[in-house]
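Accompanying notes for the structure given below.
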Amino acid sequence: MEFPQLLAAGQTVPVLTQVAANTGTRRTSNETITIKAMHRRSVVSFCAVLVLCGLSPGLSSFAQDSSHRGRKYKAPPPTAKIEVSVLRDKDSKPIENAAVIFHTLKEKGNMELKSNEDGKALIDVLEIGETVRLQIIAKGYQTYGGDYKIEKDQMAIEVRMKRPGEQYSIYKPHPEDNQNEDKPKDDSKPEDKPAPPPSN
């Protein structure tokens, strides 16, 4: 059995030619690969693998080291769970699909919810100790507004919505105007006194 001879450094190995099966044409490459180049490629790839293996434990320990962290973890403030019930003033039936709007006085912006079929809207992201302005808008009812201080972790707010009142008209008599009629009217004009005759 014959063993192939090992190539010495600097010797070249010709690239094999391939014959395409279907066309019968030859593809040849004039490039030759030197043993030095093959050896250099294998050494470079081996070094790259070694470097990556050596750095990976160091990188993971650096990422877990809390002394190099840019920001410290700050726990979110405690929040309250608030349930708002929107009811009709006349018969205490729930009002569905009313807009329940929370305006925070500390920051700009608002949070809007819709009441469900039970007339309830739930929110659990408002901070304890904060003051919010609650606004409720429902079609066919007066708009409600009020300020609430959040002091407990659970709050229930019940709002009774009223129908809009009649518009004030100056052409209709009003009972509060009759109270002013009891006072005497001072419609008298000051009497005109004749001017004194001119003196010569």
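The values are calculated or read from the model by the stated rules, or taken from the named source; none is laboratory data. It should be emphasised that the depicted structure is a prediction, and the values quoted were computed from it without experimental measurement. Cβ coordinates were reconstructed from backbone atoms using ideal geometry, including for glycine residues, and neighbour counts include every protein chain displayed.
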| field | Pairs where the first residue, in the range 74-93, is in contact (Cβ under 8 Å) with a residue 60 or more places away in the chain and under 22 Å from LYS114 (Cβ atoms) and the second is among the hydroxyl-bearing types (Ser, Thr, Tyr) and in a loop (DSSP other than H, G, I, E, B), C-beta under 7 Å, 6+ apart | value | VAL86/SER115
| note | Checked the range 132-168 for anything more than 23 Å from the chain's Cα centre (by Cα), surrounded by 14 or more Cβ atoms within 10 Å (Cβ to Cβ) and of a type in the set (D, E, K, R); matches are ARG160
| If you scan the range 83-105, which residues turn out to be out of contact with any Asp or Glu (no Cβ under 6 Å at 6 or more places or on another chain) and either outside the structural domain of GLU130 (by TED's automatic domain parsing) or not in a strand (DSSP E or B) (or both)? | ASP89, LYS90, ASP91, SER92, LYS93, ILE95, ASN97, ALA98, LEU105
| query | ILE150 is checked against (1) closer than 16 Å to LEU87 by Cβ; (2) in contact with a Leu (Cβ under 6 Å, 6 or more places away or on another chain) and fails just one. What number does that condition carry? | reply | (1)
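This table checks each residue for (1) among the small types (Gly, Ala, Ser); (2) modelled with pLDDT of 95 or more; (3) in the same structural domain as VAL86 (by TED's automatic domain parsing); (4) in contact with a helix residue (DSSP H, G or I) (Cβ under 8 Å, 6 or more places away or on another chain).
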| residue | (1), (2), (3), (4) |
| --- | --- |
| MET111 | no, no, yes, no |
| LYS114 | no, yes, yes, no |
| GLN135 | no, yes, yes, no |
| LYS152 | no, no, yes, no |
| GLU166 | no, no, no, no |
